[in-house]
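Throughout, read-outs are computed from the coordinates displayed, never taken from laboratory work. In this text, all values refer to a predicted model and were calculated from it rather than measured experimentally. Glycine also receives a Cβ, built like all others from the backbone with ideal geometry; neighbour counts cover every protein chain displayed.
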Amino acid sequence: MAPDAVERIAIESDADVVTARQRARALAVTLDMPSTDQTLLATAISEIARNITTYAKRGEVCIELVRDANGRRGVKVVARDHGPGIADLERALTDGYTTGGGLGLGLPGARRLVDEFDIQTAPGEGTTVTLVKWTRG
Amino acid sequence: MAVPILKQGPFLIASIQSALTDTDVLQLRDDVMAQVTRHRSRGIIVDVTSLDVMDSFVSRSLQGIARMTRLRGAETVIVGIQPEVAFAMVQLGMSFEDVQTALDLEEGLALLEAGFGGT
């Protein structure tokens, strides 16, 4: 099987946020991922993509199909921006903490919705969030 | 895409047709407030049956609509939250505690007509 292509979506407006989560769901469908898991994945992407438009203005979301050593398949999403970065990552991952006027559920909520969650950030250097949702079984 | 708002007697019914951008959600909030004022509505139903994702922004905005309309003397009922959307909202941490919800449009209208059982 040919390596899966990476789908890249530029995130510059709120419409791009919708596009990103719809594309990811479409990929999840090809894996026969259960509908509930598709929704969890799409919701997580909505949160991290919105963080890009809210804090960094622009960035990108890359979506690809992946498989682990046991052949289990999943959808991997990388949301990347070159915005202000996060000064206090520990607090940013705490429910209810926000500097953007929201509910402070974006990052901690997104983390609960997926199977793997990683965030790389430094003040002035942007933020990269990586998440993976695996198919079950 | 704008959300159509229908007037039905003393109530308004906002029926979301497709995925909403943040801009659409804010527009819905403004439109509902304007129509509640214009029609002196006593209740609003927001039908979210067609939404396959309700993230924190949409949830917070709907909560905002419910609170704002209540200050105008009108109750808002959110109807049609899909099972998997409800699951995702709970995982996300959205409680919706102070927002009235109902299974579907019919139940929502019944709730409004009953005046929430006298509250």
Q: Restrict the check to segment B:30-44 and report whether at least one residue is in a strand (DSSP E or B) and under 30 Å from A:Leu40 (Cβ atoms).
A: yes
Q) Within segment A:10-64, can you find the residues that are buried (at least 20 other Cβ atoms within 10 Å of the Cβ) and part of a strand (DSSP E or B)? A) A:Ile11, A:Gly59, A:Val61, A:Ile63
Q) List, please: which pairs have Cβ atoms under 6 Å, are six or more places apart or on different chains, and start with a residue in segment B:66-89 that is within 14 Å of another protein chain (Cβ to nearest Cβ) and end with one that is not in a helix (DSSP H, G or I)? A) B:Ile81/B:Val48; B:Val85/B:Met54; B:Met89/B:Met54
Q. Take the residues of segment B:6-29 that are in a loop (DSSP other than H, G, I, E, B) and within 14 Å of chain A (Cβ to nearest Cβ): which is nearest to A:Ala49 (Cα to Cα)?
A. B:Thr21
Q: Find the residue count for segment A:37-93, including only residues that are without any contact (Cβ under 8 Å) to a residue 12 or more places away in the chain and closer than 18 Å to A:Ala122 by Cβ.
A: 3
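Out of segment B:94-119, which residues are touching a residue at least 24 places away in the same chain (Cβ under 8 Å) and not in a helix (DSSP H, G or I)? Explain how you work it out, then say what you get.
Here is the first cut: in segment B:94-119, the residues touching a residue at least 24 places away in the same chain (Cβ under 8 Å) are B:94, B:96, B:98-105, B:107-109, B:111-112, B:116.
Once the filter is applied, which keeps residues that are touching a residue at least 24 places away in the same chain (Cβ under 8 Å) and not in a helix (DSSP H, G or I), segment B:94-119 yields B:Met94, B:Phe96, B:Asp98, B:Val99, B:Gln100, B:Thr101, B:Ala102, B:Leu103, B:Asp104.
Tally the residues that are among the hydrophobic types (A, V, I, L, M, F, W, C) and farther than 26 Å from A:Ala24 by Cα, restricting the search to segment A:68-88. Walk me through how you get there before you give the answer.
Filtering segment A:68-88 down to residues among the hydrophobic types (A, V, I, L, M, F, W, C) leaves A:69, A:75, A:77-79, A:86-87.
This time we only want the ones that are farther than 26 Å from A:Ala24 by Cα, so: A:87.
So the count comes out to 1.
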